[in-house]
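The values are calculated or read from the model by the stated rules, or taken from the named source; none is laboratory data. What you are looking at is a predicted structure, and each value in this text was computed from that prediction instead of being measured. Here Cβ is always computed from backbone atoms with ideal geometry, including for glycine, and neighbour counts include all displayed protein chains. Ligands, DNA and RNA are stripped out before the accessible areas are found, and what is left, the full protein with its side chains, is counted by its heavy atoms. Shrake-Rupley method; radii C 1.70, N 1.55, O 1.52, S 1.80 Å.
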Amino acid sequence: MASSGSGYDLSSSTFSPDGRIFQVEYAHKAVENAGTALGLRCSDGVVLAVEKPLITKMLVKETTGRRVHTVDEYAGVAITGFVSDGRQIVNRAREEASNYDETYGTKIPARTLANRLSAYVHYFTLHGALRPFGCSTLIAAYDPATKEHSLHMVEPSGVTYEYYGAAAGRGRQPARTEMEKLSINPKQVAAASSAGE
């Protein structure tokens, strides 16, 4: 079958004959064409960084769309892709964190926040009247109950994974290559130090 949309790209709920959902692929393409966002999980926290492309020299930098946001006292997100789509995900993250705190009397764990945002993003890939979000979200959070911090990334398809280092956007591949050179995975560091003894 042809790889072009051929009518299968009109709805996010229609699979092409070769099993693809073109609307989700278009959302991934929007992220690939945007500025780079990366996150690194370190021994004492998580670092989030974003590239904020200047669309025109006439733009005032301080007034353009923010790409790193606070969710609550212990969580923050970085977005890349369509900034307006990212703002909706940030608002949803804030609602989820607030509702969890009101319901359970404690801050939302990072994995729970990532899973809830993932489900929200995935919902927009299921219905023909909606379109997938054209942004990826990096979630950095600290869990005071377990005294651990974590980094998660939610992709436009609604998939989420936990990472030691993650990148999205135009410079994703070079950033990943450089992060792989770092010793940020504690399991790899332990294996390397025990092998060197």
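Give region 132-154 a look and list any residue that's free of Cβ contacts under 8 Å to residues at least 60 places away in the same chain and either of a type in the set (D, E) or buried (at least 18 other Cβ atoms within 10 Å of the Cβ) (or both), or say none. The answer is E148, H152. Of all residues in region 80-99, one or more are crowded, with 23+ Cβ neighbours inside 10 Å and assigned to a strand (DSSP E or B). Screening Y104 against (1) surrounded by fewer than 21 Cβ atoms within 10 Å (Cβ to Cβ); (2) within 15 Å of V154 (Cβ to Cβ) leaves a single unmet condition, (2).
Candidates in region 158-181 are the residues that are open to solvent by less than 20 Å² (accessible area, probe 1.4 Å) and in contact with a helix residue (DSSP H, G or I) (Cβ under 7 Å, 6 or more places away or on another chain); of these, the one that is nearest to G45 (Cα to Cα) is A167.
Restricting T125, T112 to residues that are over 17 Å from R87 (Cα atoms), part of a loop (DSSP other than H, G, I, E, B), in contact (Cβ under 8 Å) with a residue 12 or more places away in the chain and open to solvent by less than 60 Å² (accessible area, probe 1.4 Å) narrows the list to T125.
Could you say which residue among R176, R170 is modelled with pLDDT under 95, of a type in the set (K, R) and assigned to a loop (DSSP other than H, G, I, E, B)? Matching residue, one of R176, R170: R170.
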